[in-house]
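Visitor: Take a look at the following structure, please.
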Amino acid sequence: MTRSVTVGVIVVAAGAGARLGADVPKAFVSIAGRTILERALAPIFGMSEPAQVVVVVPEAEYAHSQELLRAAAGAAIEYASVVVGGPTRQASVAAGLKALWPDIGVVLVHDAARPFTPSALFDAVVERVRATGDGVIPGLPVADTLKQTDAGHATGTVDRALLTAVQTPQGFPRAELLHAYQSATDDFTDDAAVFAAAAHAVHVIEGDPLGFKITTPWDLRRAQQLAEQLAEPRGMRTGIGIDVHAFDDSVELWLGGMPWPGEPGLAGHSDGDALSHAICDALLSAAGLGDLGAVFGTDDPRFAGAHGEVFVRETVALVRAAGFGILNVAVQVVGIRPKLAPRRAELEAHLGALVGAPVSISATTSDGLGFTGRGEGIAAVATALISA
């Protein structure tokens, strides 16, 4: 495939988790029928842009991890791989860094032991790294009063306003993180410390309470209860989307987020991708989030000429951020050209990877009736099924 991916996520899952008291490494402990690692991977594949995902695991769990990764990634498995970690967390991250593709510019390092961290936090870290060119870590204010102690006696109170409870993912520009690792002389407990030791700046953004770390049996029980609550069925919703665009011989055709060489293009402020736009409207409708025009605007200069997959990715992120899961999307294209059948499987695979759920495509003509029958343009009708 042609990769246009600039974000890499290293998922550290090589720890033994001795304090958890389990008979398998922590990341492979099951929570309500799914391993901690599987749950940690799910929000990563829900990020608003594609990312290379490198999972770092113990050597004994390598084959098992590949199976879990294939199940979690689905059609996005081409973006993901498993590598064997080292004896320390720092060594494991270094192993993950070696597996990154050459074009990766932003690196996120995430602990698999934080399986409920939402996709939006990954996106926020990436955005801040790009904006600052520095390291970025999510953190939460410390709620408890903290005391300094000596031999079991309280000797003073620490100003908690100066402290932050740090989470992951922690994000960094790749070149600077590599420099930090190459120059590290001590063993640190997190990547921000490695980065700061090399005299690089680290910013703190607001974390998320769902990003808690599973360390003790108490944490595991808390995670089990949360997983059970999230698994409770809350019903399903459907939505419908319709989009129409006229042909424009002066532009290239993009349909379903893919180019169609030799075919007349579609007129529109963006690329006129009626198929992708119908999918977006169906998903937004199902989630009660409005429609494509209301969400993205009809003349926003940021989306001038933008391809359909840009809107699909952003729409999927909005639907998931609203607390919904996407179950499937079905689209029917009405028009006499292009012929979809020769590329249907490719089209469904491409859109399925973008949506993160099965997408089925069908096509029909209108027996010479109307603008579609006269070959003046294309109409697309989509339905979406989401879980609430």
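The values are calculated or read from the model by the stated rules, or taken from the named source; none is laboratory data. No experiment lies behind these values; they were computed from the predicted model shown. A quick note on method: Cβ atoms are made from the backbone with ideal geometry, for glycine too, and the neighbour counts reach across all protein chains shown.
Visitor: Which one is surrounded by the most Cβ atoms within 10 Å (Cβ to Cβ), of the residues in the range 181-213 that are in contact with a Gly (Cβ under 8 Å, 6 or more places away or on another chain) and assigned to a loop (DSSP other than H, G, I, E, B)?
Guide: Across the range 181-213, the extreme among qualifying residues is GLY207.
Visitor: Still on this model: Out of PRO118, PRO141, report the one residue that is under 20 Å from GLU206 (Cβ atoms) and over 16 Å from the mean Cα position of the chain (by Cα).
Guide: Just a single option satisfies the conditions, and that option is PRO141.
Visitor: Here is a further query. Filter the range 149-180 down to the residues that are closer than 19 Å to GLY96 by Cβ, of a type in the set (Gly, Ala, Ser) and either in a strand (DSSP E or B) or in contact with a helix residue (DSSP H, G or I) (Cβ under 8 Å, 6 or more places away or on another chain) (or both) and list them by number.
Guide: Listed by number, the residues that qualify are GLY171, ALA180.
Visitor: Quick check on my filter: what residues within the range 263-281 are at pLDDT 90 or above and either surrounded by fewer than 22 Cβ atoms within 10 Å (Cβ to Cβ) or out of contact with any strand residue (DSSP E or B) (no Cβ under 9 Å at 6 or more places or on another chain) (or both)?
Guide: Residues satisfying the conditions are GLU263, PRO264.
One line per residue, one yes/no per condition, for (1) surrounded by fewer than 17 Cβ atoms within 10 Å (Cβ to Cβ); (2) within 30 Å of HIS307 (Cβ to Cβ); (3) out of contact with any Gly (no Cβ under 9 Å at 6 or more places or on another chain):
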site: SER4; (1), (2), (3): yes, yes, yes
site: LYS26; (1), (2), (3): no, no, no
site: PRO43; (1), (2), (3): no, yes, yes
site: GLY46; (1), (2), (3): no, yes, no
site: GLU59; (1), (2), (3): yes, no, no
site: SER65; (1), (2), (3): no, no, yes
site: ALA72; (1), (2), (3): no, yes, yes
site: ALA94; (1), (2), (3): no, no, no
site: GLY105; (1), (2), (3): yes, yes, no
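Visitor: Would you confirm, using the coordinates I've provided, whether SER276 is in a loop (DSSP other than H, G, I, E, B), of a type in the set (Ser, Thr, Tyr), touching a residue at least 12 places away in the same chain (Cβ under 8 Å) and touching a helix residue (DSSP H, G or I) at 6+ places or on another chain (Cβ under 9 Å)? Quick ask: steps written out before the conclusion?
Guide: Values: in a loop (DSSP other than H, G, I, E, B): no; of a type in the set (Ser, Thr, Tyr): yes; touching a residue at least 12 places away in the same chain (Cβ under 8 Å): yes; touching a helix residue (DSSP H, G or I) at 6+ places or on another chain (Cβ under 9 Å): yes.
So SER276 does not fit the description; no.
Visitor: If I ask for residues that are over 20 Å from ALA382 (Cα atoms) and in contact with a Phe, Trp or Tyr (Cβ under 6 Å, 6 or more places away or on another chain), which ones from the range 248-282 would you list?
Guide: Scanning the range 248-282 gives a single hit, PRO264.
Visitor: Within the range 214-258, can you find the residues that are in a strand (DSSP E or B) and out of contact with any Ser or Thr (no Cβ under 9 Å at 6 or more places or on another chain)?
Guide: Across the range 214-258, the qualifying residues are ILE242, HIS245, ALA246, PHE247, ASP248, ASP249, SER250, VAL251, GLU252, LEU253, MET258.
Visitor: Being among the basic types (Lys, Arg) and under 18 Å from ARG128 (Cβ atoms) is true for just one of ARG174, ARG160. Which residue is that?
Guide: ARG174
Visitor: Go through the range 124-148 and count every residue that is surrounded by fewer than 18 Cβ atoms within 10 Å (Cβ to Cβ) and part of a helix (DSSP H, G or I).
Guide: Going through the range 124-148 one residue at a time, the tally reaches 4.
Visitor: Continuing with the same structure: Out of PRO43, PRO87, report the one residue that is in contact with a Ser or Thr (Cβ under 9 Å, 6 or more places away or on another chain) and not hydrophobic (A, V, I, L, M, F, W, C).
Guide: Answer to the check: PRO43.
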